[in-house]
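The values are calculated or read from the model by the stated rules, or taken from the named source; none is laboratory data. It should be emphasised that the depicted structure is a prediction, and the values quoted were computed from it without experimental measurement. All Cβ positions, glycine included, derive from the backbone under ideal geometry; neighbour counts span all protein chains shown.
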Amino acid sequence: MLRIVTCFKWVIDDADIRVDAESRKLNLARAGYKISSYDRNVIEEGVRIQEQHGGTLAAVTVAPPTAKPCLKDALSRGPDAAWFINDPSFADLDAHQTSEILAQTVRSQIEFDLIICGEGSGDLYSQQVGPALAEKLGIPCITWVNKLTFDEEQKQIIAHRKLEEGMEIVSCPLPALVVVLPDINSPRIPTLKQVLGAAKKPVHDVNMKTLGKVPEAHLRTDKILAAVMDRRRIRVAGDAEGIRSVVNSLIREGVIS
Amino acid sequence: MDFKLSEEHQLIRQSVHEFCDRYVCPIADEVDQEARFPAETMKRLAEQDWMGIPYPVEFGGAGADYLSYVIVVEELSRACAATGFILECHTSLASYPLFKFGTEEQKRQWLTPLCKGEMLGAFALTEPGAGTDAAASSTVAVLDGNQWVLNGSKIFISNSPVAGVIIVFAMTDKSKGTKGISAFIVPAGTPGLNIGKHLNKMGIRGSLTAEVFLQDCRIPKENILGGEGQGFKIAMMTLDAGRVGIAAQAVGIAQAALDESVKYSKERIQFGKPIGTFQAVQWMIADMATDVEASRFLTYHAAWCYDQGMPYSKEAAMAKLFASETASRQTDRAVQVHGGIGYIKGTKVERLYRDAKITEIYEGTSEVMRMVISGNLLR
């Protein structure tokens, strides 16, 4: 029986972020939260493999207790159970801490064959949690995956890795961790019955009492400011000469070659 | 007192919003301009369990509350008012009478496929000579052996060209006035049931509306709903509940007008500044937002009363009255904010402006809403 674990993060909905034009500070007072869109692909991939091969599907997150609404959201997308690893101090963790907390929980509480993580989180996008978690669990890690299949006979996964220079197809025995790209699937929208059924699924509460020591952060955030996009306001005429000058400047700046 | 939606209700809103972004918004303009029934969306609505939201799971429904249903209609209408209405008409007007007054067998046979989205439903009450005055109905039903024979004509029957079943109201005893009206379950394809050509509507053009003709249309005796003479009561109770759905549709339309106006006010530059920096526009946006919020609270409150098993007739009428007039008023403001471009087809506010008007008319006009509200206060 295939035991799948999907990791997800509850992040600020970037559509709700307001920026103060002068100070460039972010106003998050009315911001809502959502499951990081990369992690929706993670959960969908878990659901897809479970639909084909059976087994169990868990959703795991590390978050402050205020993130509780993330559980029904995640469970409405298909997983059988959720692990809610929470503490008020988990509001601002770095990838090193998150992967350590996940590793401790998975090692002590969750039996698994396959762990799926997203390419990066929708907020910090450090792209480190997946590989770091695999390292800490001592299992192989396959990154940049945009197609994933499970070979029941051989008990191995076959993953298509989308690399800069082409595709690489690898097979790997389980247990393993896979980091998936957003183009691996198109997440389904939860049905009404799935939304209503989410509350009936088990949630395992993991807190500091059950966790070991959480390491110190390696990263400190000093300041967050909105990016400013300066436009150059260059006017180009719509004739052949103008088109030539646009193409030339794009080549010069390495946009096209 | 709690003004916060439950986690489930928030998730429902999120899922409908996502659904609309993916499937409804991209075709909304085409559905309107070509007056095309969005059949592909209907199949998807069924897959999402949205075709029988407030009805029991045993009859194919989702077993959710009325507020869930209201949220779905609101969000669908925010993207496409026609799509929101097709679902509203199907759920409130066609399915509700079956749910409330149908026998177990009728529910099994008709409510279940409706809730599963295997067929659409329609509701045929209005006649050329009997709009608000339902008692002036001239369609008649006569029992002939084991069959009812229906004769007459209905007008403005939404969903009728695509419905699998129509709830038809007809006089079984003209001398009794409203107490002589009965409701019947008429399956599509019954000989003698003919659907006229599609009416060319001003708004909600993706929803198909037509005349329905009954000429010696014979249906089985057991297809009467709720017993002889119960039709007026069935129609009034159905419309009471339906009004909350129309209020939700109006809230969705008004919200969309606000969304578009806020967006445009930030983008449109005049006199070197976004027009949203001018007080004249700011005030329109402020009024719009306040009206939308008030409409939403009235609508959710009416749905909440329904869910609590409390009387909701007055609350539903207030919600529909205020939300529909808000939709008309604020889509007008939204066109004003947009200026010339708001008058051009293909601009969303132009569509919203036309879509809004009907919410003041169908399932009880604003005038009838005021009668219902004052009647509750003065009797």
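Quick look at the numbers
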| quantity | calculated |
| --- | --- |
| Single unsatisfied condition, residue B:197 versus (1) at pLDDT 95 or above; (2) in a strand (DSSP E or B) | (1) |
| Strands (runs of 3 or more DSSP E) completely within segment A:135-226 that count 1 or more residues being within 14 Å of chain B (Cβ to nearest Cβ) and farther than 22 Å from residue A:37 by Cβ | A:203-206 |
| Residue that is surrounded by the fewest Cβ atoms within 10 Å (Cβ to Cβ) [pool: residues in segment B:298-314 that are free of Cβ contacts under 8 Å to residues at least 24 places away in the same chain and assigned to a helix (DSSP H, G or I)] | B:308 |
| Residue list for segment B:330-367, filter: surrounded by fewer than 23 Cβ atoms within 10 Å (Cβ to Cβ), closer than 25 Å to residue B:245 by Cβ and among the aliphatic types (A, V, I, L, M) | B:361 |
| Residue list for segment B:22-37, restricted to those being touching a residue at least 24 places away in the same chain (Cβ under 8 Å) and closer than 18 Å to residue B:74 by Cβ | B:24, B:25, B:28 |
| Elements of type strands (runs of 3 or more DSSP E) in segment B:65-162, at least 1 residues being under 30 Å from residue B:47 (Cβ atoms) and of a type outside the set (Ser, Thr, Tyr) | B:120-124, B:147-158 |
| Tally, over segment B:23-61, of residues that are in a helix (DSSP H, G or I) and within 12 Å of chain A (Cβ to nearest Cβ) | 7 |
| Among the residues listed as A:74, A:15, the single one being aliphatic (A, V, I, L, M), at pLDDT below 95, in a helix (DSSP H, G or I) and within 25 Å of residue B:15 (Cβ to Cβ) | A:15 |
| Answer from A:108, A:126 - the residue that is at pLDDT below 95, surrounded by fewer than 18 Cβ atoms within 10 Å (Cβ to Cβ) and under 16 Å from the mean Cα position of the chain (by Cα) | A:126 |
| First in segment B:242-255 and more than 20 Å from residue B:94 (Cβ to Cβ) and not assigned by TED's automatic domain parsing to the domain that holds residue B:318, second anywhere and part of a helix (DSSP H, G or I) and small (Gly, Ala, Ser), Cβ under 8 Å, 6 or more apart | none |
| Among residues of segment B:10-21, those that are in contact with a helix residue (DSSP H, G or I) (Cβ under 6 Å, 6 or more places away or on another chain) and more than 7 Å from chain A (Cβ to nearest Cβ), counted | 4 |
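Residues checked against (1) among the small types (Gly, Ala, Ser); (2) over 14 Å from the mean Cα position of the chain (by Cα):
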residue	(1), (2)
B:51	no, no
B:63	yes, yes
B:101	no, yes
B:122	yes, no
